[in-house]
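The values are calculated or read from the model by the stated rules, or taken from the named source; none is laboratory data. Everything numeric in this text was worked out from a predicted model, so none of it was measured. Cβ placement follows ideal geometry from the backbone for every residue including glycine, while neighbour counts extend to all protein chains displayed.
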Amino acid sequence: MSVWTVANQKGGVGKTTTAVTLAGIAAERGLPVLLIDLDPHASATHYLRAADDDGAQALLRGETPVPVRCSVPGIHVLGAGAGLAAIERQHGANGMGRRLSQGLAALRERFDPIIIDTPPMLGTLLINALAAADALVVPVQTDPLALHGLEGLMRTVEMMRKAGAQVPEPVMLPTLMDRRVRISHETLDQLKSRWGAAVFDGGVVPMDTRIREAARDGRTLNSAAPYRHATSTYEALFERLYQPTPEAA
Ligand SMILES: Nc1ncnc2c1ncn2[C@@H]1O[C@H](COP(=O)(O)OP(=O)(O)OP(=O)(O)O)[C@@H](O)[C@H]1O
Ligand SMILES: [Mg+2]
């Protein structure tokens, strides 16, 4: 029974791709997977052609929404809709950070893993997603500016821990790696020397146009392009994160 939060305060680093692909791998293995789209831009919701009926918002309001089906058989979704952005404004108050974690209690009985996609900015939605996490996946684009953005997320994690939250150690996943470009390799080296063991050691996600094509078609990478390097890295990441319950093992 595990909640995996995919987060980085920098935009365009592969958060949604990572969340959706991990969900696709879980579904392929017949696991009862739930994807929660906590980004008001609703990228994961649109990617998976799920109803934008604000299931994620309902959860944060303390209701018990019913997850919906989507374009990928086996993935259940609580989608983002127009109301999710309002949560950020309405619930800025203290005490709101645990709302998602509390709302997930019942869903944890039915779904494993539960994967949360998050917005690229610090706010209530991201704080809730971090506070609810059993595992924290941080996609990091292998680009010098992305390293700077990563520091922002790690400061947030530190701040939450000082306030008493139990945020797990991050698993940093290098993404959008262009192997032909020296700066990509240099950035990967810098990432490893700065963050050491926090950097995923099971591979990097290369640039791959099949990722955009899969998103266009509402398919997950593992089903649309099973033999790609990117797919095998995501499969290795899945293996690292997934811990079957004793009954499921
Ligand atoms: N490894 C990759 N190779 C090629 N394109 C990729 C790769 N990973 C992601 N993309 C593409 O890059 C864009 C940004 O990816 P994605 O939406 O996953 O990032 P994000 O971090 O969720 O962005 P945002 O912060 O806007 O939510 C998308 O068009 C996606 O299809
Ligand atoms: Mg996204």
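The requirement of being in a helix (DSSP H, G or I), more than 9 Å from ligand 2 (Cβ to nearest atom) and touching a residue at least 40 places away in the same chain (Cβ under 8 Å) is satisfied by A26. Residues being within 16 Å of ligand 1 (Cβ to nearest atom), closer than 23 Å to S2 by Cβ and either touching an Asp or Glu at 6+ places or on another chain (Cβ under 7 Å) or modelled with pLDDT of 95 or more (or both) are entirely absent from region 141-152.
If you take the residues in region 125-140 that are of a type in the set (V, I, T) and not in a helix (DSSP H, G or I), which one is nearest to I114 (Cα to Cα)? Step by step, filter region 125-140, then rank; the result is V137. Would you check if A50 is in contact with a strand residue (DSSP E or B) (Cβ under 8 Å, 6 or more places away or on another chain) and within 15 Å of ligand 1 (Cβ to nearest atom)? It is false that A50 is in contact with a strand residue (DSSP E or B) (Cβ under 8 Å, 6 or more places away or on another chain) and within 15 Å of ligand 1 (Cβ to nearest atom). One residue stands out in region 212-243 among those that are part of a loop (DSSP other than H, G, I, E, B) and under 16 Å from the mean Cα position of the chain (by Cα): the one that is farthest from L176 (Cα to Cα), namely Y242. Of all residues in region 30-53, those being within 20 Å of S223 (Cα to Cα), more than 9 Å from ligand 2 (Cβ to nearest atom) and hydrophobic (A, V, I, L, M, F, W, C) number 6.
Total residues in region 12-47 satisfying the condition of being acidic (D, E) and away from ligand 1 (no atom under 15 Å from the Cβ): the figure is 1. When residues in region 65-84 are screened for being surrounded by fewer than 19 Cβ atoms within 10 Å (Cβ to Cβ), under 19 Å from the mean Cα position of the chain (by Cα) and of a type in the set (V, I, T), 1 of them pass. The residue that is nearest to G149 (Cα to Cα), among those in region 180-224 that are β-branched (V, I, T) and out of contact with any strand residue (DSSP E or B) (no Cβ under 7 Å at 6 or more places or on another chain), is T187. Scan T18, T5 and give me the residue that is within 11 Å of ligand 2 (Cβ to nearest atom), of a type in the set (V, I, T) and within 12 Å of T118 (Cα to Cα). Residue meeting the stated conditions: T18. Which residue is nearest to L84 (Cα to Cα), if the candidates are limited to region 112-124 and must be of a type in the set (A, V, I, L, M, F, W, C) and at pLDDT 95 or above? Selected residue: I116. Return the total of residues in region 168-197 being touching a residue at least 40 places away in the same chain (Cβ under 8 Å) and assigned to a strand (DSSP E or B). Of the residues in that region, 3 qualify.
For region 195-231, filtered to residues that are charged (D, E, K, R) and within 17 Å of L173 (Cβ to Cβ), the residue that is surrounded by the fewest Cβ atoms within 10 Å (Cβ to Cβ) is D201. Cβ-Cβ contacts under 8 Å between residues 6 or more apart (or on different chains), taken from a first residue in region 105-123 that is in contact (Cβ under 8 Å) with a residue 60 or more places away in the chain and assigned to a loop (DSSP other than H, G, I, E, B) to a second residue that is buried (at least 19 other Cβ atoms within 10 Å of the Cβ) and polar (S, T, N, Q), are listed as T118/T5; P120/N8; P120/Q9; M121/Q9; L122/Q9. All conditions but one from (1) assigned to a helix (DSSP H, G or I); (2) in contact with a Cys (Cβ under 6 Å, 6 or more places away or on another chain) apply to A50; the one that does not is (1). Candidates G55, G62: the one that is more than 18 Å from T118 (Cα to Cα), without any contact (Cβ under 8 Å) to a residue 60 or more places away in the chain and more than 13 Å from ligand 1 (Cβ to nearest atom) is G62.
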